[in-house]
Amino acid sequence: NTDLDCLASMLLAKKLYPDYSVVLCDLINPVAGNLIGYYKKKIDFLTSNELKDQPIENVVIVDTSSVSRIKEFLPALDRATGKITVYDHHPAEDHDIPGCTLKLFEYGSNTTGLALELIEKNIELDPEEATIALTGIYSDTLNFTIEKTSPEDFRAAGFLIGKEASIKLVKYFLKPLKKNYQISYFHKVLNSLIFRNINGHEIILCSV
């Protein structure tokens, strides 16, 4: 399920590996989908279906290091003849992608680790790229409020703001419910939730 941090990580990975193609998974978080729609001329993705029968050399995977989360890409990985590099920040995941070089970050956002590599390599970003990346950091750190938020997250954000990232657009993308009727219906759903315990499983139902 591609979220904003994953999407931003892919964008920055493309800056680090400009000769690579970016491949989007089939499941996309609706909020990330909004960002893709807004920047559809800026973000150019292949789909997993477009990889079929294509020769594959080196692979970069971002925001996960677990085989269970990349199942749709396993046939492509099996055909890879070169190096597999993984950028992740989830220490609790099963780091079980075979034959990979794992770069595991201790940051609130995976985007942060890639942004720091851009800083180190003096790679430039335009304002749109910086905005997408900043959205990823804000999203995964919950506006820098989660306990895992690190000084590096703030450093990366400062770098992106220095590249003219738009805070206004970041706020827009992070607000999934933008219309009054959406907010009203959301609260109607919340007020109609029914909690049941069925065979030891907590189930939430809604009658709306």
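State which residue pairs qualify: first residue touching a residue at least 40 places away in the same chain (Cβ under 8 Å) and inside region 7-33, second residue in a helix (DSSP H, G or I) and open to solvent by 60 Å² or more (accessible area, probe 1.4 Å) in any location, beta carbons under 8 Å apart, and separation of 6 or more residues or different chains.
From residues that are touching a residue at least 40 places away in the same chain (Cβ under 8 Å), the pairs are Y20/K14; V23/E50; C25/E72; D26/E72.
Pick out the one residue from L4, L24 that is within 16 Å of the chain's Cα centre (by Cα) and farther than 14 Å from F173 by Cα.
Working: L4 fails: farther than 14 Å from F173 by Cα.
Going through L4, L24 in turn, just one is within 16 Å of the chain's Cα centre (by Cα) and farther than 14 Å from F173 by Cα: L24.
Given the criterion touching a Phe, Trp or Tyr at 6+ places or on another chain (Cβ under 6 Å), within 18 Å of L125 (Cα to Cα) and either of a type in the set (A, V, I, L, M) or buried (at least 18 other Cβ atoms within 10 Å of the Cβ) (or both), identify the matching residue among L35, L16. Give the derivation first.
On the way: L16 fails: touching a Phe, Trp or Tyr at 6+ places or on another chain (Cβ under 6 Å).
Being touching a Phe, Trp or Tyr at 6+ places or on another chain (Cβ under 6 Å), within 18 Å of L125 (Cα to Cα) and either of a type in the set (A, V, I, L, M) or buried (at least 18 other Cβ atoms within 10 Å of the Cβ) (or both) holds for just one of L35, L16, which is L35.
Out of region 82-103, which residues are in contact with a helix residue (DSSP H, G or I) (Cβ under 9 Å, 6 or more places away or on another chain) and aliphatic (A, V, I, L, M)?
The answer is I84, I97.
Looking at A76, A133, which is the one that is modelled with pLDDT of 95 or more and surrounded by 15 or more Cβ atoms within 10 Å (Cβ to Cβ)?
Working: A76 fails: modelled with pLDDT of 95 or more.
The conditions single out A133.
From the list S66, S150, S139, pick out the single residue that is open to solvent by less than 20 Å² (accessible area, probe 1.4 Å), modelled with pLDDT under 95 and out of contact with any Ser or Thr (no Cβ under 6 Å at 6 or more places or on another chain). Break it down stepwise before answering.
On the way: S150 fails: modelled with pLDDT under 95; S139 fails: open to solvent by less than 20 Å² (accessible area, probe 1.4 Å).
Among S66, S150, S139, only S66 is open to solvent by less than 20 Å² (accessible area, probe 1.4 Å), modelled with pLDDT under 95 and out of contact with any Ser or Thr (no Cβ under 6 Å at 6 or more places or on another chain).
Looking only at region 95-115, decide whether some residue is surrounded by 12 or more Cβ atoms within 10 Å (Cβ to Cβ), modelled with pLDDT under 90 and either at positive phi or not aromatic (F, W, Y) (or both).
Going residue by residue through region 95-115, those that are surrounded by 12 or more Cβ atoms within 10 Å (Cβ to Cβ) are 95, 97, 100, 102-105, 107-115.
Subset that is modelled with pLDDT under 90: 95.
The next check asks that each one be either at positive phi or not aromatic (F, W, Y) (or both); those that pass are 95.
Checking region 95-115: at least one residue is surrounded by 12 or more Cβ atoms within 10 Å (Cβ to Cβ), modelled with pLDDT under 90 and either at positive phi or not aromatic (F, W, Y) (or both).
Just checking, how many residues over region 139-156 are touching a residue at least 40 places away in the same chain (Cβ under 8 Å) and either under 25 Å from G33 (Cα atoms) or polar (S, T, N, Q) (or both)?
6
Restricting to region 67-89, name every residue that is within 16 Å of M10 (Cα to Cα) and free of Cβ contacts under 8 Å to residues at least 60 places away in the same chain. Steps first, answer last, please.
Filtering region 67-89 down to residues within 16 Å of M10 (Cα to Cα) leaves 69-70, 73, 84-89.
Within region 67-89, R69, I70, F73, I84, T85, V86, D88, H89 qualify.
Is region 164-184 home to any residue that is modelled with pLDDT of 95 or more, in contact with a Pro (Cβ under 8 Å, 6 or more places away or on another chain) and surrounded by fewer than 19 Cβ atoms within 10 Å (Cβ to Cβ)?
Yes, there is a match, as at least one residue in region 164-184 is modelled with pLDDT of 95 or more, in contact with a Pro (Cβ under 8 Å, 6 or more places away or on another chain) and surrounded by fewer than 19 Cβ atoms within 10 Å (Cβ to Cβ).
Taking K42 as the residue in question, decide whether it is of a type in the set (K, R), at negative phi and either at pLDDT 95 or above or part of a strand (DSSP E or B) (or both). Spell out the reasoning first.
Values: of a type in the set (K, R): yes; at negative phi: yes; either at pLDDT 95 or above or part of a strand (DSSP E or B) (or both): no.
Considered against the rule, which asks whether it is of a type in the set (K, R), at negative phi and either at pLDDT 95 or above or part of a strand (DSSP E or B) (or both), K42 comes out as no.
For region 45-68, which positions are under 15 Å from I84 (Cα atoms), part of a strand (DSSP E or B) and over 15 Å from the mean Cα position of the chain (by Cα)? Before the answer, list the steps.
Going residue by residue through region 45-68, those that are under 15 Å from I84 (Cα atoms) are 55-67.
Narrowing further to those that are part of a strand (DSSP E or B): 59-62.
If the condition is that a residue be under 15 Å from I84 (Cα atoms), part of a strand (DSSP E or B) and over 15 Å from the mean Cα position of the chain (by Cα), then V59 is the only one that fits.
Consider D5 against the criteria (1) closer than 19 Å to T131 by Cα; (2) of a type in the set (D, E, K, R); (3) exposed (fewer than 12 other Cβ atoms within 10 Å of the Cβ): it satisfies all of them except one. Which criterion is unmet?
Going through (1) closer than 19 Å to T131 by Cα; (2) of a type in the set (D, E, K, R); (3) exposed (fewer than 12 other Cβ atoms within 10 Å of the Cβ) one by one, D5 breaks only (3).
For V31, all conditions in the list (1) within 20 Å of T64 (Cα to Cα); (2) of a type in the set (V, I, T); (3) part of a loop (DSSP other than H, G, I, E, B) hold save one; what is the number of the exception?
Result: V31 fails condition (3) only.
The values are calculated or read from the model by the stated rules, or taken from the named source; none is laboratory data. Everything numeric in this text was worked out from a predicted model, so none of it was measured. Don't worry about glycine lacking a Cβ; one is built from the backbone with ideal geometry, like all the others, and counts go over all protein chains shown. Ligands, DNA and RNA are excluded from the accessible area calculation, which covers all protein heavy atoms including side chains. Shrake-Rupley method; radii C 1.70, N 1.55, O 1.52, S 1.80 Å.
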